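Here the structure is laid out as structure tokens; the discussion comes afterwards.
The values are calculated or read from the model by the stated rules, or taken from the named source; none is laboratory data. The shown structure was predicted, so the numbers you read here are calculated from the model rather than taken from an experiment. Calculation scope for accessible area: heavy atoms of the full protein, side chains included, ligands and nucleic acids excluded. Shrake-Rupley method; radii C 1.70, N 1.55, O 1.52, S 1.80 Å.
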Amino acid sequence: MVVVVGVRAGVPVVRAWAPVGHTGTLAAAPAGVLVAGVLAGLCPTMCAARIRPVEALCR
């Protein structure tokens, strides 16, 4: 899989194709991943916050 990705990534460079991508997409993608990560981490964090430390160690 890594070789295929590397070969496919090199094709536009060899053929001198111009990259097509909107700057808004390039900015929104990492922001969306960050929001998804924070939201995915909230549920376990809130559940852990409700448990007393002594009970958490016994589980």
Meets criteria (β-branched (V, I, T), at pLDDT below 90 and open to solvent by 90 Å² or more (accessible area, probe 1.4 Å)) for V2:
yes
- Query: Is it fair to say R50 is modelled with pLDDT of 85 or more, over 14 Å from the mean Cα position of the chain (by Cα) and not small (G, A, S)?
  - Reply: yes
